[in-house]
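> Dumping the structure here so I can ask a few things about it.
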Amino acid sequence: MTELIAPNVVAASTRSDRRRRILQNLLRGERPYMLYIAFVILLVVFSLSSPWFLSVDNFLNIGRQTTLVSIIAVGMTFIIIARQIDLSVASTLALSGMAAALAMSQINNSWIVGAVAGLGTGALVGLINGILTTQLSIPSFLVTLGSLSMARGLAMMVTNTKPVIITNETYFAIFGEGTFLGIPVPIAWTLAAMIVGILLLHYNVFGRRIYAVGGNPTAALYSGINTKRITTAAFVLTGTLAGLAALVLSARSHAARPDVVQGMELDVIAAVILGGCSLFGGRGYILGTLFGSLIIGTLNNGLVLLGVSSPMQLVIKGAIIVAAVAFTKR
Amino acid sequence: MELSGSVAAESVPSTSLVMVRAINKRFGGVRALRDVNLEVRASEVHALLGENGAGKSTLIKILSGVHAADAGTIEIAGKPVEFDSPAKSREAGIAVVYQDLSLVESLSVADNLLLGREPRTAFGFVRRRALMARAEAFLKELGIPLDTRASVGSLPFAYRQMTEIAKALMGEVRLLILDEPTSSLTSDEVRILFDAIGKATRRGVGVIYVTHRLNEVFEISQRVTVLRDGANAGTFVTTDTDMKRLVNAIVGTDRSVSIGARTEPAAKRELDPSPVLSFSSVSNDRLRAVDLSVRKGEIHGLAGLIGSGRTEILETVFGLRPIESGAIEIEGRRWLPSGPADAIERGVALVPEDRHVQGLVLDHSIERNVTLPRIPHFSRWGWMQQRAAARRAESAVARLAVKAPGASSLVRTLSGGNQQKVVFGKWNDPRPRVLLLDEPTVGVDVGAREEIYAVIRNAARDGSGVLVVSSDLVELIELCDRISVIVNGHVARTLVRGEIDDAEELHHLLQMYQASGLSLSQELSA
């Protein structure tokens, strides 16, 4: 097909075009500014009402508290864009942490063994979730509802619900307590996960395919995309990130416990949706997820500083999440 | 045209029931209906004919309150009515039985019939026995042989349709609209359906009967209205007309003449004799011993009714349906596709039937859609070459003359014709060896249609083998070097250009093969 109007109308894109495209990649969303405005409003409200809120220490605090949610939310962004859901992430974290601590205690007390065991366990749970969802065509809501329960049960079974103590100082330094270029490592790992997420979603072939699978699975299939493999990969990515979060948590507390972070999957999903992902698939972006997670973290932090009782915190958090989604959705 | 106010034939009832006058409807830039008139009388079966896109569905949707007309009036029994919702239409006594049924499959026939108006006790509990009795009495009165206790999901298709019709007739129904009710029925089932329709008309119900099968028109209707390009193309008393005149009205004599003149030069084109795609006795769940060949540079048409297996032939080549026996070859090499990815790799491209569901990601940009099947070409080590992808999309927009602000525009915002050009843009470069087209101009306005024809011809001239499915017979005649007639998953006949003069002849041929094909399939199943 050669004819029909001019062949090459496209001028080489200028540098400013390129810069604009990068900005669009990072900030895009239905109404991107609403999210940032919501965040700023939150900051202003808490700054005015608590003298301790506006300090570097407190912000590092928020960063540390949101680490686990933020890391896993990067993976959840891929999953929700691909029209799936993963309810098992908190249980996967618990199981991966147990696997890492037990592997270290069994083999040489080596931090590398621990890291591989933790990440590998997370990836494996993700792989199983992905295969069950795509090969047996079971909705991922049900598959991961099942693995939520199974992974938690396994985590408790391996030690009969006892925590496993970790003693490797290098492990603590790398994943929990050290600093990297002056940044506390949990925050550094969060940033690393974000950057990898941005590259994968916005610049890699994988991201293109994820958007297509979530935007219209049939059209993606008809365009030669292996929709099952792409969906499974998103689950593996999320499982692996749950494993990373497990390393960070266990290194910070010098132990792995099977009953940690119960219910955290809801915070993760809330962060992703707040961040502008469509639950109907095909839309979303990593930076939005980061801000979604920060909003939830800031809320938790600010409400504590204000001395709100913890049951009341839950009520306020829930109401603000619903209100924010109502305002930011198109 | 044919019909004046004085209908003499005693077979046509005389009490006017529904009067539609000068209805107009516009969708964006497309005029779907222009000054359409229709009169249905009490106890009459009034057939409504026309090609796909002629405006039948739009007219039905206006009568059923799904769409509002832009201009024009509807009267029921002399009283003007205005529908702003399906509920209003239903209230006025109009019931529609759609092709896709609206029954709850897990419930019984009786439950479905009385859904939402179950007899109940003072406390809101359903009175099962009263419900069953009422459903049974109603079916008996209609003479429809249905088991009220059977769950709808377990019934054969014809009986589900019967349930649907019975449900439509519950309550005060004056006009029953049937939209292609026989498209998936066997001839025995058609018989049962016609009986049920007869029982309804005897109660004074008027029926609008939409169909593509002309023989049915002569069997059950008293009058026929034909729509073409959104306007009336004639209303006939069935006993005063014949198939030839109906086909003329459907296709439009003027259009087929002008096209015959224009396509003359194309006929003289010489074709490379080597087949780029060939089927030898290919069978699977929907195809029976299909023999077919498409030459390099040929445009080969597949004609047949919906459900005949036309689309399935394309799907089989594209790796969406496994081959059970027989063989497909592409450029002389055996072709056993493992899936669409494999097919695309081998140079097979498909422009699917439903561009919204199968062809496009509507909420994504033109760029994302155009590059979707070519992602490997626009990446190095897995990283997108964003600029190369953008450039390709821009050039596809320019080359196919897609009317859009730019390649970053969302596909959802484009008109039907421009959306279809984007689907073609997906397969623009590299040139596909085999280009499969399924209804390439459905929902595309006339101007864009010509542009799409040019794109198809160019693809063939550049050496692709093109296999095109279309319900628009004029389109097939205009485009194709050869046309294969598909009946019940089988190639009934392959026609070479020149063997057939116009769409009218092709239409007759299709009807003829369909009629004989039906009896053939019964023999096979017996």
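The values are calculated or read from the model by the stated rules, or taken from the named source; none is laboratory data. Small disclaimer: the values here were computed from a predicted structure and weren't measured. Note that we place each Cβ from the backbone using ideal geometry, even for glycine, and neighbour counts take in every protein chain shown.
> All but one of (1) facing another protein chain (nearest Cβ under 9 Å); (2) under 22 Å from the mean Cα position of the chain (by Cα) hold for B:Arg387, so report the exception by its number.
Exception for B:Arg387: condition (2).
> Among the candidates B:Glu315, B:Glu270, B:Glu264, single out the residue that is of a type in the set (Asp, Glu) and modelled with pLDDT of 80 or more. Quick ask: steps written out before the conclusion?
Working: B:Glu270 fails: modelled with pLDDT of 80 or more; B:Glu264 fails: modelled with pLDDT of 80 or more.
Being of a type in the set (Asp, Glu) and modelled with pLDDT of 80 or more holds for just one of B:Glu315, B:Glu270, B:Glu264, which is B:Glu315.
> Hey, could you check the stretch A:293-322 for residues that are part of a helix (DSSP H, G or I) and hydroxyl-bearing (Ser, Thr, Tyr) and say which is modelled with the lowest pLDDT? So that I can check it myself, show each step before the final result.
At the first step, the residues of the stretch A:293-322 found to be part of a helix (DSSP H, G or I) are A:293-305, A:310-322.
Checking which are hydroxyl-bearing (Ser, Thr, Tyr) leaves us with A:293, A:298, A:310.
Details: A:Ser293: 93, A:Thr298: 90, A:Ser310: 86.
Out of the qualifying residues, it is A:Ser310.
> For the structure I just gave you, tell me whether B:Glu75 is under 30 Å from B:Ile23 (Cα atoms), of a type outside the set (A, V, I, L, M, F, W, C), modelled with pLDDT of 80 or more and in a strand (DSSP E or B). Before the answer, list the steps.
Numbers: under 30 Å from B:Ile23 (Cα atoms): yes; of a type outside the set (A, V, I, L, M, F, W, C): yes; modelled with pLDDT of 80 or more: yes; in a strand (DSSP E or B): yes.
Yes: the conditions hold for B:Glu75.
> Condition test on A:Thr218, is it at pLDDT 95 or above and either closer than 22 Å to A:Ile138 by Cβ or assigned to a helix (DSSP H, G or I) (or both)?
Working: at pLDDT 95 or above: no; either closer than 22 Å to A:Ile138 by Cβ or assigned to a helix (DSSP H, G or I) (or both): yes.
Here the answer is no, as A:Thr218 does not meet what is asked.
> If you don't mind, another one. Go through the residues of the stretch B:451-473 one by one and say whether even a single one is part of a helix (DSSP H, G or I), hydrophobic (A, V, I, L, M, F, W, C) and surrounded by fewer than 20 Cβ atoms within 10 Å (Cβ to Cβ). Reasoning before the result, please.
Here is the first cut: in the stretch B:451-473, the residues part of a helix (DSSP H, G or I) are B:451-461, B:473.
Of the ones still in play, those that are also hydrophobic (A, V, I, L, M, F, W, C) are B:452, B:454-456, B:459-460, B:473.
Remaining after also requiring surrounded by fewer than 20 Cβ atoms within 10 Å (Cβ to Cβ): B:454.
Within the stretch B:451-473 (the criterion being part of a helix (DSSP H, G or I), hydrophobic (A, V, I, L, M, F, W, C) and surrounded by fewer than 20 Cβ atoms within 10 Å (Cβ to Cβ)), the answer is yes, since at least one residue qualifies.
> Kindly provide the set of residues from the stretch B:450-474 that are touching a helix residue (DSSP H, G or I) at 6+ places or on another chain (Cβ under 8 Å), at pLDDT 90 or above and within 14 Å of another protein chain (Cβ to nearest Cβ), ordered by number.
B:Ile452, B:Tyr453, B:Val455, B:Ile456, B:Arg457, B:Val466
> When you go through (1) closer than 18 Å to B:Ser278 by Cβ; (2) within 10 Å of another protein chain (Cβ to nearest Cβ) one by one for B:Arg334, which number turns out not to apply?
Evaluating B:Arg334 over (1) closer than 18 Å to B:Ser278 by Cβ; (2) within 10 Å of another protein chain (Cβ to nearest Cβ) leaves (2) as the failure.
> For residues in the stretch B:358-384 being among the small types (Gly, Ala, Ser) and either touching a residue at least 12 places away in the same chain (Cβ under 8 Å) or more than 9 Å from chain A (Cβ to nearest Cβ) (or both), which is surrounded by the fewest Cβ atoms within 10 Å (Cβ to Cβ)? Even if it seems obvious, please write down each step before you answer.
Narrowing the stretch B:358-384 to residues among the small types (Gly, Ala, Ser): B:359, B:365, B:379, B:382.
When the remaining residues are screened for being either touching a residue at least 12 places away in the same chain (Cβ under 8 Å) or more than 9 Å from chain A (Cβ to nearest Cβ) (or both), the result is B:359, B:365.
Details: B:Gly359: 27, B:Ser365: 19.
Ranking the candidates gives B:Ser365 first.
> Answer yes if at least one residue in the stretch B:275-282 is within 14 Å of chain A (Cβ to nearest Cβ) and in contact (Cβ under 8 Å) with a residue 60 or more places away in the chain, and no otherwise. Don't jump to the end; show me each part of the working.
Step one: list which residues in the stretch B:275-282 are within 14 Å of chain A (Cβ to nearest Cβ), which gives none.
No, the stretch B:275-282 contains no residue that is within 14 Å of chain A (Cβ to nearest Cβ) and in contact (Cβ under 8 Å) with a residue 60 or more places away in the chain.
> Let me ask another. So A:Thr227 ticks every box in (1) surrounded by fewer than 24 Cβ atoms within 10 Å (Cβ to Cβ); (2) more than 13 Å from the chain's Cα centre (by Cα); (3) of a type in the set (Val, Ile, Thr); (4) more than 14 Å from chain B (Cβ to nearest Cβ) but one. Which box is left unticked?
(4)
> Can you say whether B:Asp188 is more than 21 Å from the chain's Cα centre (by Cα) and assigned to a loop (DSSP other than H, G, I, E, B), as far as the supplied structure shows? First the steps, then the outcome.
Values: more than 21 Å from the chain's Cα centre (by Cα): yes; assigned to a loop (DSSP other than H, G, I, E, B): no.
When the stated conditions are applied, B:Asp188 does not pass them.
> Quick one: which of B:Arg493, B:Arg431, B:Arg482, B:Arg497 is within 11 Å of chain A (Cβ to nearest Cβ) and more than 19 Å from the chain's Cα centre (by Cα)? Lay out the reasoning, then the answer.
Working: B:Arg493 fails: within 11 Å of chain A (Cβ to nearest Cβ); B:Arg482 fails: within 11 Å of chain A (Cβ to nearest Cβ); B:Arg497 fails: within 11 Å of chain A (Cβ to nearest Cβ).
Of B:Arg493, B:Arg431, B:Arg482, B:Arg497, the one residue that is within 11 Å of chain A (Cβ to nearest Cβ) and more than 19 Å from the chain's Cα centre (by Cα) is B:Arg431.
> Scan the stretch B:436-449 and give yes if some residue there is at the interface with chain A (Cβ under 10 Å from one of its Cβ atoms), of a type outside the set (Ser, Thr, Tyr) and over 30 Å from B:Ser516 (Cβ atoms), otherwise no. Walk me through how you get there before you give the answer.
Residues of the stretch B:436-449 at the interface with chain A (Cβ under 10 Å from one of its Cβ atoms): none.
No, the stretch B:436-449 contains no residue that is at the interface with chain A (Cβ under 10 Å from one of its Cβ atoms), of a type outside the set (Ser, Thr, Tyr) and over 30 Å from B:Ser516 (Cβ atoms).
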